[in-house]
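Asks: Please read through the structure below; I'll follow up with questions.
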Amino acid sequence: MLEIYNSLTRQQAVFRPLDEKNVRIYVCGMTVYDFCHIGHARVLVVFDIVYRYLCHLFGVEHVTYIRNITDIDDKIIARANERGEDIDALTARFIGAMNEDAHALGVISPNQEPRATHHMPQIIDMIQALVDKGLAYSADNGDVYYSVSKFKPYGQLSGRHLDDLRAGARVDVNEAKADPLDFVLWKSAKPDEPHWDSPWGEGRPGWHIECSAMSTHCLGNHFDIHGGGMDLKFPHHENEIAQSCGATGDAFANVWMHNGFVQIDNEKMAKSLGNFFTIHEVLEKYDPEVLRYFILTSHYRGPLNYSNVHLDNARRALTTLYTALRGIDAGELSATSGYRERFMKAMNADFNSPEAQAVLFEIARAINRV
């Protein structure tokens, strides 16, 4: 049986969907203001494997995979202003580039790719529900904030405590928030920025509320798996839980999955360090299957150390495997009974892709091709 490590409970347990005929997974997708980097490649490939394996276990018609697109936020507005480009044109261009990267990496398209700008009614309704329940308030500056102290389980995902967070918080002199930990749900309109009508005046949503509204709209208030990069665990996913549970009174996601960081030659990937690579740049030197294979050589929850040496090793390994299995037929695989079960056992152990890869090489050796 499939076991998944749950970031919320910090335990690995048997995955039991709410409904085996309707397994539902939501993954935080890209903020489309630039080309996707190799960290994004890891998210795409990791959850593509999760989706494929769930389809194998439960049937493709019984799995719904949602991966959102953030097409309005501070970074997008800043990049559009910096380039003097229309926001819709900017986001459309990078959505196209993202889809090209995903296709090249062999990533299956999700069942739906909701965009934040297409779900303003759902976003506004969720904020209104939070206001009505006393979990959110309008501030003097026209913004609407979530009152973190009103949601008692806050910090359950990240393991952080309110007192510790509050002690380390820095507040601007003119800050309108009642508590330094409160986060914005609706931002009042500013000159030359996109805005929408709302009960609190013209404005636009905060980043966190977008995912809460889109996930519950597409999958219902309570679904099976919520995934994303480790960097989203706090505050984004923590805030999603507070918003969604607060607004609906339901449990939101049962299982939380987070893939690990990508490092460059054992250093954190960062533009400031000059070690930041886009998928486009990597695919100029390496076949997409090599990058996909390389990503799966590390367990999804651990760090992935990117380097040309590791990509070269992955290329050689993949070539060796393809050569060994070229022309193979069912008769030649008759002596490999038990390997399928071992492959499944590896995948059932929290999607252990390195162990699953090792089984494939053992199959090749078993038929004397490696």
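The values are calculated or read from the model by the stated rules, or taken from the named source; none is laboratory data. Owing to the predicted nature of the structure, the values given are computational and were not obtained by experimental measurement. Just so you know, the surface numbers come from the protein's heavy atoms only, side chains and all, with ligands and any DNA or RNA stripped out. Shrake-Rupley method; radii C 1.70, N 1.55, O 1.52, S 1.80 Å.
Asks: What's the tally of Lys pairs in the chain whose alpha-carbon atoms lie under 17 angstrom apart, where the two lysines are 8 or more places apart or on different chains?
Replies: Pairs that pass both the separation and distance tests number 7.
Asks: Show me the helices of the chain, taken as full DSSP H stretches, that run 15 Å or more along their long axis by Cα and average 0.5 or above in Kyte-Doolittle hydropathy.
Replies: Once both thresholds are applied, what remains is 38-58, 120-132.
Asks: Given N residues in the chain, what is its alpha carbon radius of gyration divided by 2.2 N^0.38 Å?
Replies: Rg over 2.2 N^0.38 Å, computed on Cα atoms: 1.07.
Asks: Still on this structure, please answer the following. 5 Å is the cut-off here: which amide hydrogens, built 1.01 Å from N in the peptide plane, fall below it relative to H37, excluding neighbours closer than 5 in sequence?
Replies: I279
Asks: For the chain, modelled as a Gaussian network with Cα springs under 10 Å, which listed residue fluctuates most, G29, G59, G260?
Replies: Evaluated over the chain, the most mobile residue of the options is G59.
Asks: Using only helices, what value at 222 nm comes out for the chain when you add -39,500 (n - 2.57) per DSSP H run of length 4 or more and divide by the total residues, to the nearest 500 deg cm²/dmol?
Replies: Result for the chain: -12500 deg cm²/dmol, rounded to the nearest 500.
Asks: Oh, and also: Taking every DSSP beta bridge that has both residues in the chain, what percent is antiparallel when rounded to the nearest 5?
Replies: Percentage antiparallel, nearest 5: 45.
Asks: For C218, C36, what's the largest-to-smallest order of accessible area, 1.4 Å probe?
Replies: Ranking C218, C36 by accessible area, largest first, yields C218, C36.
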